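**Q** There's a structure below that I have some questions on.
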Amino acid sequence: PINSSLFIVNKSEDFNYISRKLDPNIKTHQLATDFSHFSPVDYTLETSRSGGSCLSALMMLQTEGLNGIRYHLSELVCAVNKLATLFKKNNSTALIHEKTFGYVLMVRLYPPELDSSFLNKEIESVTDEVMQMIEKVNTYNKNFFSFDLKERMSQNDDFEYSFSGEFLQTKSGKNLSALKFYPTSPNFSESDVGHIYETIIKQKTIFDEQYE
C-alpha cells in the first residue's frame with residue numbers, strides 16, 4: 001500500500017532499455033547529471049518514490065495540524081525572502097526566478113570580471129559573444145558548486161544546496177545554470193539566513209582567488 005523506489009530487473013543490462021542517458025537530446029529536468037548519476041529520474045521513474053515523505057506529511061498533519069503547517073511554511077517563505085534580499089543586494093550574485101513565490105531560490109554567481117547586471121544580457125541577447133559568456137558563467141557556477149561540495153558540504157559541514165545545469169532558457173536558446181537553495185526543515189528560520197549568505201560569499205571569495 002506504500003509506494004517504493006525499489007525497481008528490480010533480472011539483468012542489469014536491461015536498465016539500458018529505459019535509461020534516458022542513451023539519448024543526448026533528452027535532458028534531466030532540474031538536475032545536473034554530473035551530480036546525480038544514479039537518480040531514478042534518469043530512468044523515467046519519477047513517480048516511483050519512497051513512502052517516507054507521505055508518512056511524514058501525515059504525521060505532521062496529525063501532530064501540528066493545518067495551522068502548524070501554515071506556520072512552518074510562512075516561516076520558510078519569510079526566511080527565504082530575506083535570503084533573496086541579501087543575494088539581490090550583492091552585485092556578484094543574481095536571482096534568475098524573481099517572479100516565483102515560495103521557498104526556493106535559484107542563485108547565479110558571476111566571476112570577478114562580471115557582475116549581476118549581465119543577467120539581462122544573458123536573457124535577452126542573441127549575439128555570439130554573449131552566448132560564449134553564458135557558457136563561461138555556467139562553467140563558473142558548476143565549478144564553484146564542485147568546489148563547495150568537496151571543501152565543505154561533503155565534510156558534513158553545515159547546510160547544503162544543489163546545482164541545476166539548465167534552469168532557465170534564454171532567447172538565444174542557451175540555458176542558464178544556477179545554485180538551488182530549498183530549505184524545508186521546520187528548524188530553518190530567519191536566524192539562519194545571514195549565516196548561509198555569508199558562508200556562500202566567503203566560499204566564493206576563496207574560490208575566486210584560484211579562479212582563472
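The values are calculated or read from the model by the stated rules, or taken from the named source; none is laboratory data. For clarity, every value in this text was computed on a predicted model and none was experimentally measured. Neighbour counts run over all protein chains shown; Cβ positions are idealised from the backbone, glycine included. SASA here: full protein model, heavy atoms, side chains in, ligands and nucleic acids out. Shrake-Rupley method; radii C 1.70, N 1.55, O 1.52, S 1.80 Å.
**Q** Among the residues in segment 158-172, are any farther than 27 Å from residue 79 by Cβ, open to solvent by 50 Å² or more (accessible area, probe 1.4 Å) and assigned to a helix (DSSP H, G or I)?
**A** Looking for residues that are farther than 27 Å from residue 79 by Cβ, open to solvent by 50 Å² or more (accessible area, probe 1.4 Å) and assigned to a helix (DSSP H, G or I), one finds none in segment 158-172, hence no.
**Q** Is it the case, given these coordinates, that residue 99 is outside any helix (DSSP H, G or I) and basic (Lys, Arg)?
**A** Taking the combined requirement at face value, the residue satisfies it.
**Q** Still on this structure, please answer the following. Go through segment 186-212 and count every residue that is of a type in the set (S, T, N, Q) and open to solvent by less than 50 Å² (accessible area, probe 1.4 Å).
**A** Of the residues in that region, 3 qualify.
**Q** In segment 124-151, which residues are crowded, with 17+ Cβ neighbours inside 10 Å and in a loop (DSSP other than H, G, I, E, B)?
**A** 125
**Q** Anything in segment 102-118 that is open to solvent by less than 20 Å² (accessible area, probe 1.4 Å) and either among the aliphatic types (A, V, I, L, M) or in a helix (DSSP H, G or I) (or both)? List them, or say none.
**A** Matches in segment 102-118: 105, 106, 107, 109.
**Q** Return the pair list, or none, for Cβ contacts closer than 7 Å from residues in segment 149-177 that are free of Cβ contacts under 8 Å to residues at least 60 places away in the same chain to residues that are of a type in the set (Ser, Thr, Tyr), at least 6 apart or on different chains.
**A** Matching pairs, first to second residue: 158/199; 172/125.
**Q** Could you check segment 155-178 and list, in sequence order, the residues that are more than 18 Å from residue 195 (Cα to Cα) and among the hydroxyl-bearing types (Ser, Thr, Tyr)?
**A** Correct list: 164, 170, 172, 177.
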